[in-house]
Amino acid sequence: MDVVVVGSGPAGWAVADACGRRGLEVALVAPAPLTPWPATYGMWAEQAAVLPDGAATTAATGVRAAGRLLDQGYVVLDNAATQAAYARGSVTPVADRVASADHGPRGSTVVLASGRRLACRVAVDASGALRVLSGGRPGGHRAEQTAHGLVFPAEAVAGLVPPGQAVFMDDWSTQDGLATFLYAVPLPGGRTLVEETSLVAKPGVPVERLRQRLIARLRAAGVDPGTATAAENVRFPMDLPRPRTVAIGAAAGMVHPATGYSVADSLAVAPRLADAIAAGGTGRDVVWTPAARAVHALRAHGARVLRSLPAAALPEFFDAFFALPTEARLPYLTGREDLAGTAGAMTELFRAAPWRLRAAMAVGGFTGALRGAAGTPPPAPPVGSGR
């Protein structure tokens, strides 16, 4: 076996499929590798080119953020179609759990709960926050994004979000010192997911508290929560460290520390990781290039500033952010290796913010992060990319 991928989420299937397309013998291990993904995954329309042939999405007819319509598109993955597109390749799915793994200079052996042993040249951890091959989830409180959502027929929640549209960081609630916001996206079949979301908190906000806020929000809009057709709970860490193993996606610490997004970046990195493995390397340095590490550090500073701001300041913060021109804010959202663009977005935000918000941002370390970025040398070329 050339490659064993552990984890059957989007990142796991993307890298397994990419390795298979390069002629490598690949096994993908998960308890239910062919079960459709249960979570809702979205990305900015600019990122959708990373999706495989045969994937499907639901595109928002408009995107509202911080009370304004953006000139950006947004799409939500059709999980069944996208997973099926990846699974049509030459990957061998293995329905099992990992019991242990041994890593050596010549490769790895993944031991399964059934007793089966899979020897391979490269084992890739794509198991998300479980980090099955990477030492497990670190202890202690982590910075987390949490949300509680309900799915409705789109017309039933038209008072909150027009059918077909997406809503981000809007209609904030800041009572009791806790800031949460409305997140809503269109789903296939004329449905809408409506969530009460805590962007980032350490420790994360209990989902039950978010459920209560969502129910109050719905009732205030005249929506009966009992008419929901499905529910979704979200809870994931946003500050997992980079592991020493070969990993991708959340297991690799690729979650954007200030927004929580990782899927589009993971799908984009997967072919590069596969190239490196096919060329005889492990690809670990492809996932975390010097540029990606520098950008992540700057974004992490931004996340710490967000956590330091009082709840009442967060709506004003994001009003200023989404008022930036698209070309200014986009690198912070999607430019995983764009250090200059990310620092530029943060600088423009600081300049555009009201003075009282600037003061709070400075106390939280915002300006220090920018000074550090200004002194960062240009990133070296990626190592071990196989190119």
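A few remarks follow.
- Asp265 being open to solvent by 10 Å² or more (accessible area, probe 1.4 Å) and farther than 29 Å from Thr57 by Cα: no
- Test result for Thr342, touching a Lys or Arg at 6+ places or on another chain (Cβ under 8 Å), more than 22 Å from Leu178 (Cβ to Cβ) and of a type in the set (S, T, N, Q): yes
- Count of region 95-132 residues which are part of a loop (DSSP other than H, G, I, E, B) and either touching a Pro at 6+ places or on another chain (Cβ under 8 Å) or surrounded by fewer than 21 Cβ atoms within 10 Å (Cβ to Cβ) (or both): 10
- Residues of region 46-80 that are surrounded by fewer than 16 Cβ atoms within 10 Å (Cβ to Cβ), in a helix (DSSP H, G or I) and among the hydrophobic types (A, V, I, L, M, F, W, C): Ala49, Ala80.
- Filter result (farther than 27 Å from Ala252 by Cβ and free of Cβ contacts under 8 Å to residues at least 40 places away in the same chain) within region 306-348: Ala320, Leu324, Pro325, Glu327, Ala328, Thr347, Glu348
- Restricting attention to region 211-225 and to residues that are out of contact with any strand residue (DSSP E or B) (no Cβ under 8 Å at 6 or more places or on another chain) and charged (D, E, K, R), the residue that is least open to solvent (accessible area, probe 1.4 Å) turns out to be Asp224.
For (1) within 20 Å of the chain's Cα centre (by Cα); (2) over 30 Å from Ala251 (Cα atoms); (3) in a loop (DSSP other than H, G, I, E, B); (4) charged (D, E, K, R), each residue gets a yes or a no:
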site: Ser134; (1), (2), (3), (4): yes, no, yes, no
site: Arg137; (1), (2), (3), (4): yes, no, yes, yes
site: Gly140; (1), (2), (3), (4): no, no, yes, no
site: Thr146; (1), (2), (3), (4): yes, no, no, no
site: Gly149; (1), (2), (3), (4): yes, no, no, no
site: Ala156; (1), (2), (3), (4): no, yes, no, no
site: Leu160; (1), (2), (3), (4): no, yes, yes, no
site: Met169; (1), (2), (3), (4): yes, no, no, no
site: Trp172; (1), (2), (3), (4): no, yes, no, no
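- In region 203-214, the residues that are closer than 22 Å to Gly140 by Cα form Cβ pairs under 8 Å with partners that are outside any helix (DSSP H, G or I) and open to solvent by 30 Å² or more (accessible area, probe 1.4 Å), at six or more places apart or across chains, as follows: Pro203/His141; Pro203/Arg142; Gly204/Arg142; Gly204/Arg235; Val207/Asn233; Val207/Arg235.
- Single residue of Asp53, Asp71 found to be within 20 Å of Ser266 (Cα to Cα), acidic (Asp, Glu) and over 20 Å from the mean Cα position of the chain (by Cα): Asp53
- Wholly within region 178-292, helices (runs of 4 or more DSSP H) carrying at least 2 residues that are farther than 21 Å from Gly135 by Cβ: 207-220, 263-278
- Test: residue in region 365-387 that is open to solvent by less than 40 Å² (accessible area, probe 1.4 Å), at pLDDT below 55 and among the polar types (S, T, N, Q): yes
- Any hit, region 22-34, residues being at pLDDT below 95 and open to solvent by less than 20 Å² (accessible area, probe 1.4 Å): no
- Of all residues in region 152-210 being modelled with pLDDT under 95 and of a type in the set (D, E, K, R), the one that is surrounded by the fewest Cβ atoms within 10 Å (Cβ to Cβ): Asp176
- Close contacts from region 155-177, counting a first residue that is closer than 14 Å to Leu214 by Cβ and in contact (Cβ under 8 Å) with a residue 60 or more places away in the chain and a second that is among the acidic types (Asp, Glu) and open to solvent by 20 Å² or more (accessible area, probe 1.4 Å), with Cβ to Cβ under 8 Å and a gap of 6+ residues or different chains, come to Leu160/Asp171.
- If you go through region 308-354 and keep only what is open to solvent by less than 40 Å² (accessible area, probe 1.4 Å), in contact with a Pro (Cβ under 8 Å, 6 or more places away or on another chain) and within 18 Å of His296 (Cα to Cα), you end up with Leu339, Gly341, Thr342, Gly344, Ala345.
The values are calculated or read from the model by the stated rules, or taken from the named source; none is laboratory data. What you see is a predicted model, and the numbers here were worked out from it, not measured in a lab. No Cβ is skipped: glycine too gets one built from the backbone with ideal geometry, and neighbour counts run over all protein chains shown. Ligands, DNA and RNA are excluded from the accessible area calculation, which covers all protein heavy atoms including side chains. Shrake-Rupley method; radii C 1.70, N 1.55, O 1.52, S 1.80 Å.
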